[in-house]
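The values are calculated or read from the model by the stated rules, or taken from the named source; none is laboratory data. On a predicted model such as this, the values are computed, not experimentally measured, just so you know. Cβ placement follows ideal geometry from the backbone for every residue including glycine, while neighbour counts extend to all protein chains displayed.
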Amino acid sequence: MSVKTCKCACDTAENGREFAEIAKIIELYKDKEGSLIQILHRVQETYGHLPLEVQKFIAASLNKPLAEVSGVVTFYSFFSTRPRGKHTIRVCLGTACYVRGGRKIVERLREILGVDIGETTEDGRFTFEVARCIGACGLAPAMMIDDTVYKQVNVNMLENILSRY
Ligand code: FES
């Protein structure tokens, strides 16, 4: 089976190269078990996020309804329909972190970054998120930037931590 060309507005010259990359990913995974999730993961890695036009292209290519693709994208929190920052900050607001100052960390980061939870900074450097528990409860409050866990964080450490990125 060959990958079909999308008939929506995404089928333009400026998007051509990126969609060619996406088509290659679809070809690679389309016949595998659980292919939709694998394709969405790989496309997000390549494209950065999964906007509606990309979802439409994937749905058309796989002969699936757009609602099925969009349903998966919106169900899993690790899929994003908006551009993500180069780095992802996740402040833990699980019980241990919350009672030991997690909320203050969130408030201070809002001020420093100038964005709200779920948003990406204007310079595209950081996407700001919160988490339920990141497995460092004994050394709360904790936060992560990409794969690095920062423990016993206090508001005075934040600018120094961010300057490393
Ligand atoms: S509650 Fe924050 S690391 Fe577990």
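Which of the helices (runs of 4 or more DSSP H) found entirely inside segment 13-124 contain at least 1 residues meeting this: out of contact with any Cys (no Cβ under 9 Å at 6 or more places or on another chain) and within 21 Å of residue 147 (Cβ to Cβ)?
Numbers: elements: 13-29, 35-47, 52-62, 66-75, 103-113.
So the answer is 35-47, 103-113.
Run down 97, 92 and say which single residue is within 13 Å of residue 130 (Cβ to Cβ) and out of contact with any Pro (no Cβ under 6 Å at 6 or more places or on another chain).
Just one listed residue meets the conditions, 92.
Just checking, does segment 138-146 include any residue being within 16 Å of the ligand (Cβ to nearest atom), in a helix (DSSP H, G or I) and β-branched (Val, Ile, Thr)?
Checking segment 138-146: not a single residue is within 16 Å of the ligand (Cβ to nearest atom), in a helix (DSSP H, G or I) and β-branched (Val, Ile, Thr).
Matching residues to (1) in the same structural domain as residue 154 (by TED's automatic domain parsing); (2) modelled with pLDDT under 95; (3) over 15 Å from the mean Cα position of the chain (by Cα):
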| position | (1), (2), (3) |
| --- | --- |
| 45 | no, yes, no |
| 51 | no, yes, no |
| 57 | no, no, yes |
| 67 | no, no, yes |
| 95 | yes, no, yes |
| 99 | yes, no, yes |
| 102 | yes, no, yes |
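Regarding residue 134, is this residue buried (at least 16 other Cβ atoms within 10 Å of the Cβ), in a loop (DSSP other than H, G, I, E, B) and either in the same structural domain as residue 34 (by TED's automatic domain parsing) or touching a strand residue (DSSP E or B) at 6+ places or on another chain (Cβ under 6 Å) (or both)?
It is true that residue 134 is buried (at least 16 other Cβ atoms within 10 Å of the Cβ), in a loop (DSSP other than H, G, I, E, B) and either in the same structural domain as residue 34 (by TED's automatic domain parsing) or touching a strand residue (DSSP E or B) at 6+ places or on another chain (Cβ under 6 Å) (or both).
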